[in-house]
Amino acid sequence: MKTIEQLWDMSVDGNDRSNRMSHFVGNIESGVVMAIMKVLFRFSVKNKEVILKFKGKKTGAVILGPHKSYMDVVMMFLASWPQRWTRLIARENLFTIAHGALGFLIARVGSFPVKRDSADMSTVKRAARFLKNGELVGIFPEGTRRGRSKTEPSLHGGAALIARLGRAPLIPLGLVNANEVKPKGKRLHFPKLTAIYGDPVELSSFDFLPKEERLDGATWYVLREAMALSEGVAADQIDMAALFPESKDFTADFEGRNIPTFDPATLPDYVAPAKKE
């Protein structure tokens, strides 16, 4: 039996098969949750081909989404499953709930921990290693659920830093109606839930920004794209200054500027290292 700590460092669906995690438990968990999502919320995914193009490539991708409820987490993972397994970064204390039972279950689908409110470089390096293994890493850059926590959401360049170290592009993920399932102070609802992948972008597309602002600006831009997909509006209709009053607003920097999309087909295919004689 693998420990939770051992599971954190195992490959889930990456190129390295020498230390790959068994999918038996993860598939049972995911299958049950997917069935519930299909029946109760008519869950569907759009533009899934975006992430499928990364299969078998030398690098993976960082997926960014808005964080308004716990349903965001479920949707981000199931949006790629079963063809791909998105590895979610979860706050450290989730792995100790119920004497580690929850931690075992979420580790079995590829989740790994981060220490909240700290510069957790061990998590950054682990995530970058997964990307170099061709895996997908899912991040909620706000760090906390909007409107559900005493902590005010803020926006920093951690997601883009992981992408840079992992030499991977960033992908926005819209999560439609995730916050309508259980609005604060209201009863449970059953809206139709949809996950929508946007177009990948490379970090090099943000080189026009000052070096010290590049990572923050890239994260800001991709999250705004994800929020726009979630709301079904144009990106310039998302008021990021109001959503993140304590963070730098990059609206003027991107006004009228076309950020090119990235085609995963241009990535080199993974080539397994030659076996030693």
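Only the coordinates and a few stated rules stand behind these numbers; no lab work does. If you're wondering where the values come from, they're calculated on a predicted model, not measured in any experiment. FYI the Cβ positions are ideal-geometry reconstructions off the backbone, even for glycines, and counts take in every protein chain you see.
Which peptide among 256-268, 223-235 comes first, and what is the full order, when sorted by highest mean count of other Cβ atoms within 10 Å?
On the way: 256-268: 12.2, 223-235: 19.5.
Packing order, densest peptide first, comes out as 223-235, 256-268.
Pop the C-beta distance of GLN237 and ARG167 into the FRET formula with R0 = 41 Å and round what comes out to the nearest 0.05.
0.80
Mind giving me the FRET efficiency for HIS189 and LYS46? R0 is 25 Å, r the Cβ-Cβ distance, nearest 0.05 is fine.
Plugging the Cβ-Cβ distance into 1/(1 + (r/R0)^6) gives 0.70.
Please compute one quarter of the surface area of the Cα convex hull for the stretch 168-277 and express it in square nanometres.
So the Cα hull casts an average projection of 11.6 nm².
Applying a 10 Å radius around every beta-carbon, put 74-80, 18-24 in order of their mean neighbour count, most first.
Ranking, from highest mean packing down: 74-80, 18-24.
Could you sort out which of LYS115/LYS182; LYS182/LYS248; LYS55/LYS132 sit more than 23 Å apart by Cα distance in this structure?
The answer is LYS115/LYS182; LYS182/LYS248.
Mind telling me which of PRO172, PRO113, PRO245 comes out most flexible in a GNM of the chain, alpha-carbon contacts under 10 Å?
Looking only at PRO172, PRO113, PRO245, the largest GNM fluctuation is found for PRO245.
Order these peptides, 63-71, 31-39, by their mean beta-carbon neighbour count within 10 angstrom, highest first.
In decreasing order of mean packing, 63-71, 31-39 become 63-71, 31-39.
What number, rounded to the nearest 500 deg cm²/dmol, is the helix-based mean residue ellipticity at 222 nm of the chain, given -39500 (n - 2.57) per DSSP H run of at least four residues and division by all its residues?
After summing the helix terms and dividing by the residues of the chain, the value is -9000 deg cm²/dmol.
Amide H of PHE43: which non-local residues (sequence gap of 5 or more, or other chain) have their own amide H closer than 5 Å, using H built in the peptide plane?
Counting only residues 5 or more places away or on other chains, the set is LYS38, LEU193.
Can you check what the net charge comes to around VAL233, using other residues whose Cβ is under 15 Å from the Cβ of VAL233 (Lys, Arg +1; Asp, Glu -1)?
-3
Between the alpha-carbon centers of the stretch 79-115 and the stretch 44-68, tell me the distance in whole angstrom.
About 18 Å separates the Cα centre of the stretch 79-115 from the one of the stretch 44-68.
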